[in-house]
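Trainee: Got a structure here, written out as structure tokens. Questions coming.
The values are calculated or read from the model by the stated rules, or taken from the named source; none is laboratory data. Here the structure is a predicted model, which is why all the values come from computation and not from measurement. Note that we place each Cβ from the backbone using ideal geometry, even for glycine, and neighbour counts take in every protein chain shown. Only protein heavy atoms, including side chains, enter the accessible area calculation; ligands, DNA and RNA are left aside. Shrake-Rupley method; radii C 1.70, N 1.55, O 1.52, S 1.80 Å.
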Amino acid sequence: MLKTTQRCVRILGCVLLGLWSVMVTHAQQKEGMYDFTSIPQSLLLNPGAEINFNSHYGVPFLSQFHANLGFKGSSVYDIFADDGRSFNAKVEQQLNQLTDRDYGTITQQLELLSFGWRSTRNPKLYFSGGLYQELDMIAYFPKDLLLLAYEGNQNFINKSFKLSDISATAELLTVYHFGYTKQLNKKLTFGARAKLYSSIFNSRSTRNSGRLTTIDTPNGNNFYTHIASNIDFSVKTSGIASLEEDLSNEEDASSTITSTIFKRALLGGNLGVGVDVGFSYRIKEQWVATGSMTDFGLIAYTKDVQNYTASGSYAYEGFETPEALTGRSARDFLDELEEALDVDTTQTAYTAMRPVKLQGSLKYMFNRDDNGSCNCVLDGNYTLYSDAVGIQVFSQFRPKRSQRAISLFYQKRISNFLSAKINYTINDFSATNIGILLSAYFYKINFYLSTNNILSYGNLAKTRELAVQFGFNIIP
Amino acid sequence: MNILKLLWRKVGIQSMLPYVLFGFCLAISVCACVKDVDFDQVDDLILTPVYDIDFIYAAVDIETLITQNDDSSTILPEVIANDTLDYDFLENDFVTDNIVQVTLTFEFENTIEKGFDFNFQFLNSENQPIDQSYTIPVLPGAGVDALPVVTRRDIILDRAAIVALSTAEKLTSSIRVEEVSRDLTGNIILKSKALYFVSYQF
């Protein structure tokens, strides 16, 4: 029991510290990839992108790997610096410095299948589809409760600890998608994509409320009254209870879990639907505005659901004695608390929105990238330019508030086989976030590599965010 | 400028540019490192919260105690109010291993013109006393019309006591007043709290 408790506390501690370790301000933003139309995966960020290729096939399992780690408010170095200061001192500093608006995120995507082709009947129509796996986690910094765990309540008499500080979601899912991109006229390209989500697991604890307070009561029955007021707390999970069961079954646990995960990845778990829409609009010959909304959808969690809930209020001022005089029977604090707060485990189904992402850009292109022989506009095609500058905005809905970012970019087609894009992203926390994307094209094979915060590569520990993306496609 | 143009065209810098960029990309990937950090510091982290939590409380009127007594004599040799509460907090493994000290604070407000003893002791599941019994002598009050006389006492349970009390499941307490006159009036108010000093090492 002790070992289990210690292990749990240790694991929890390591996870929290791990979340502290890096920071991100725009979790799923792929600032390099957005509107970089020579890479097919740009269609996943804006189904209405102005693409020029006639077909594409992603190399299975290698067409897109994306990972983004981060913590807003702190860095690995802030916590783990080998600078002679005591570890407790550094942790204390972070505890004081961070707020309940800070958070840690981990996002990872792996494309398993990707394909697309231009319609033979209507060359202005391009179809694309595929399958990818996604892991998305966000945990806000539960400042009040960590403070309560780290310092106790002794120095916080009459101060409330908010339960709303607990806000976290984690999900692992596969996404099946199919969409189209259509050049509607000389100015407008529109695209939409339907998505089918197949959840492997989901866990969320959001919109919690209530306060824990120790009130000084000079005129009361005892020194203090400890109050849990208006508690409304829940942890919803789906797909986890059965995995835990599999884990506890020590014989053959790993193969059972693997087969369960595969089954769920292949539409055998909780399902959901969603949609992406987007457009590109040529304001003028050399000016393009784009916009997209992705992952507008929800998942219904009906299978393998296990929710933990507590709601109500409770006040404790110690045990009254002697019972013989009070006429009350013996009290059990924990039983009373459990009853008052209606602590319960339920199997009630729930639905949850996917984190919707909104993106937009304004781009100015220059330096015509042909020998002037192309009568592109008359042909209904777009003129190619080798250079472009512009501005991009990003916003992603999150449990507490949306994450936002704004980037300036310069992109260039350097040669027939190499294009690059440099982004400078502005946010509240970093003035030095420069990202780079390189896309190469050799013998019908497209390879791209993108990363951000390149200035921090000298010592990654000091960065607060890091995103990496790469993949291979065949573009005949 | 002409030299630069010449270099650009003749030496073929333009054709080398992709390789230079890829080289740069490779270089930053290779150079990428994490330094000046020590993750083993997690082992040094010690959590030392202090929790200040109410313990027991009582408000006892001496007249209630007297009327409960069957003895009809004018002077009662002894009046006792006993009580046993469930208290299994110290039985928890986490508590036994990570609480370094418990400071119990008792505060009595007495208006009875008589001093008395407050006694408490922890019991195991078989109602057998564990470790020592604690007695607090409470000062006599100055009567119901005067301000109550306050007796305050801290009892420190150290590591040895906490370990000894790890099988505690109950707490028994008693208020014992000796030689009580039947016309004695006033009351006793008891407030108490416990400071739990935790030391948890990762």
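Trainee: With +1 assigned to the C-beta of every Lys and Arg and -1 to the C-beta of every Asp and Glu, and no other charges, what is the dipole magnitude of the range A:29-144 about the Cα centre in debye, to the nearest 20?
Mentor: So the magnitude is around 540 debye.
Trainee: Another question about this same structure. Note the buried accessible area between A and B here, summed over both chains, with a 1.4 Å probe, in Å² to the nearest 100.
Mentor: The contact between B and A buries close to 5400 Å².
Trainee: How big is the equivalent ellipsoid of the range B:127-192 along its three axes, where each semi-axis is √(5λ) from the Cα gyration tensor, reported in whole Å from largest to smallest?
Mentor: Semi-axes (√(5λ), whole Å): 31, 15, 9.
Trainee: Suppose the chain between A:LEU113 and A:ASN155 were pulled fully straight at 0.36 nm per residue; how much longer would it get relative to their current alpha carbon spacing?
Mentor: So the chain would gain 9.5 nm between A:LEU113 and A:ASN155.
Trainee: Leaving out ligands, DNA and RNA, what percent of the accessible area of the range B:77-202 is carbon and sulfur, probe 1.4 Å?
Mentor: 46 percent
Trainee: Rounded, prolate or oblate: pick one for the range A:181-262, where a ≥ b ≥ c are the square roots of the eigenvalues of its C-alpha gyration tensor, a/c under 1.5 means rounded, and failing that, prolate if a/b is larger than b/c, else oblate.
Mentor: Here the range A:181-262 falls in the oblate category.
Trainee: Grab the Cα-Cα distance for A:ALA192 and A:LYS444, subtract it from 0.36 nm times how many residues apart they are, and report the gain in nm with one decimal.
Mentor: Gain on stretching A:ALA192 to A:LYS444: 88.1 nm.
Trainee: Can you compute the FRET efficiency between A:LYS303 and A:ASN185 using 1/(1 + (r/R0)^6), with r the Cβ-Cβ distance and R0 = 41 Å? Round to the nearest 0.05.
Mentor: That gives a FRET efficiency of 0.35.
Trainee: Can you pull the accessible area of A:ARG398 for me, 1.4 Å probe, Å² to the nearest 10?
Mentor: About 30 Å², rounded to the nearest 10.
Trainee: Follow-up question, since we're still on this one. Compute the distance in nm between two label points, each set 7 Å from the Cα along the Cα-to-Cβ direction, one at B:GLN132 and one at B:SER199.
Mentor: 2.1 nm
Trainee: At 1.4 Å probe size, put A:MET137, A:MET33 in order of accessible surface, largest to smallest.
Mentor: A:MET137, A:MET33
Trainee: Moving on to the next point. Express the C-alpha Rg of chain A as a ratio against the empirical globular expectation 2.2 N^0.38 Å, rounded to two decimals.
Mentor: 1.16
Trainee: Which ³J(HN,Hα) values, rounded to whole Hz and listed in residue order, are derived for the range A:280-292 from phi using the Karplus coefficients 6.51, -1.76 and 1.60 in 6.51 cos²θ - 1.76 cosθ + 1.60 with θ = phi - 60°, glycine and proline given as x?
Mentor: 10, 9, 7, 5, 9, 3, 9, 10, 10, 10, 10, x, 8
Trainee: Counting each DSSP H run of 4 or more residues in the protein assembly as shown as -39500 (n - 2.57), what helix-only mean residue ellipticity at 222 nm follows after dividing by all residues, to the nearest 500 deg cm²/dmol?
Mentor: For the protein assembly as shown, the value works out to -5000 deg cm²/dmol.
Trainee: Something else about it: Under 37 °C and 0.692 mPa s, how fast does the range A:26-141 diffuse according to Stokes-Einstein, given a Kirkwood radius computed over C-alpha pairs? Answer in µm²/s, whole number.
Mentor: For these conditions, the coefficient is 191 µm²/s.
Trainee: Also: Over the whole of B:39-51, what's the average partner chain Cβ count within 10 Å per residue? Rounded to a whole number, please.
Mentor: Neighbouring Cβ atoms belonging to other protein chains average 6 per residue here.
Trainee: State, to one decimal in nm, how far the label point of A:MET353 lies from the label point of A:LYS263, with both points 7 Å from Cα in the Cβ direction.
Mentor: Label at A:MET353, label at A:LYS263, 3.3 nm between them.
Trainee: Another question, if that's okay. Between A:VAL343 and A:ASN219, what is the spin-label point distance in nm, taking each point 7 Å from the Cα along the Cα→C-beta axis?
Mentor: For the pair A:VAL343/A:ASN219, the computed spacing is 3.4 nm.
Trainee: Calculate, for chain A, the solvent-accessible area per residue in square angstrom, rolling a 1.4 angstrom probe over the heavy atoms of the protein chains.
Mentor: 44 Å²
Trainee: Any chance you could run the full-extension gain for A:ASN367 through A:SER415? It's 0.36 nm times the residue separation minus the Cα-Cα distance, nm to one decimal.
Mentor: Full extension of this stretch gives 16.0 nm more.
Trainee: Can you list the lysines whose alpha carbon is less than 26 Å from that of B:LYS114, not counting same-chain residues fewer than 8 positions off?
Mentor: Within the straight-line cut-off, B:LYS114 pairs with B:LYS191, B:LYS193.
Trainee: Quick one: the Cα spread of the range A:107-231 along its three principal axes, in angstroms, biggest first?
Mentor: Computed over the range A:107-231, the largest-to-smallest principal extents equal 85, 31, 20 Å.
Trainee: Still on this structure, I have one more. Peptide B:185-192: average number of partner chain Cβ atoms within 10 Å per residue?
Mentor: 3
Trainee: Considering amide H positions built from the backbone, and no H for Pro or chain starts, which residues 5 or more places from A:ASP369, or on another chain, come under 5 Å of its amide H?
Mentor: Close amide H contacts, sequence-distant or interchain: A:LEU384, A:TYR385, A:SER386.
Trainee: Computed on alpha carbon atoms, what radius of gyration and Dmax characterise the range B:44-201, expressed in Å?
Mentor: Expressed in Å, the Cα Rg and Dmax of the range B:44-201 come to 18.0, 66.
Trainee: If you don't mind, there's one more thing I want to ask. Can you work out the base-10 log of I(q)/I(0) for the range A:405-476 at q = 0.16 1/Å, using the Debye formula on its C-alpha atoms alone?
Mentor: Log10 I(q)/I(0), no solvent term: -0.62.
Trainee: How large, in percent, is the carbon and sulfur part of the accessible surface of chain A at a probe radius of 1.4 Å?
Mentor: After summing per-atom areas, the C and S share lands at 60 percent.
Trainee: Also, I was wondering about something else. List, in order, the whole-Hz ³J(HN,Hα) value for each residue of the range A:211-225 obtained from phi through the Karplus relation with A = 6.51, B = -1.76, C = 1.60 and θ = phi - 60°; use x for Gly and Pro.
Mentor: Those phi angles translate into 9, 10, 9, 9, 9, 6, 10, x, 9, x, 5, 9, 4, 10, 10 Hz.
Trainee: Using R₀ = 30 Å, calculate the FRET efficiency as 1/(1 + (r/R₀)^6) where r is the Cβ-Cβ separation of A:GLU285 and A:PHE178; round to 0.05.
Mentor: That gives a FRET efficiency of 0.40.
Trainee: Could you give the size of the charge dipole of the protein assembly as shown about its Cα centre, using +1 on the Cβ of each K and R and -1 on the Cβ of each D and E, expressed in debye and rounded to the nearest 20?
Mentor: So the magnitude is around 6920 debye.
Trainee: Between A:VAL389 and A:SER55, what is the FRET efficiency for a Förster distance of 22 Å, r being their Cβ-Cβ separation, to the nearest 0.05?
Mentor: 0.15
Trainee: Here's something else I'd like to know. Roll a 1.4 Å probe over the protein heavy atoms and report the accessible area of B:GLU63 in Å², nearest 10.
Mentor: Here the accessible area works out near 90 Å².
Trainee: May I ask you to list the lysines whose Cα is less than 19 Å away from that of A:LYS187, ignoring any residue fewer than eight positions away on the same chain?
Mentor: Straight-line reach from A:LYS187, under 19 Å: A:LYS124, A:LYS284, A:LYS363.
Trainee: Could you tell me the accessible area of B:PHE108 in Å² (1.4 Å probe, neighbours in place), rounded to the nearest ten?
Mentor: Approximately 0 Å² of B:PHE108 is accessible to the 1.4 Å probe.
Trainee: Next question. What are the lysines whose alpha-carbon lies under 24 Å from the alpha-carbon of A:LYS143, with same-chain residues fewer than 8 places away excluded?
Mentor: A:LYS72, A:LYS90, A:LYS159, A:LYS162, A:LYS236, A:LYS400, A:LYS462
Trainee: Using only atoms on other chains, find how many Cβ atoms lie within 10 Å of each Cβ of peptide A:222-234 and report the average.
Mentor: Taking all residues of A:222-234 together, the mean is 2.
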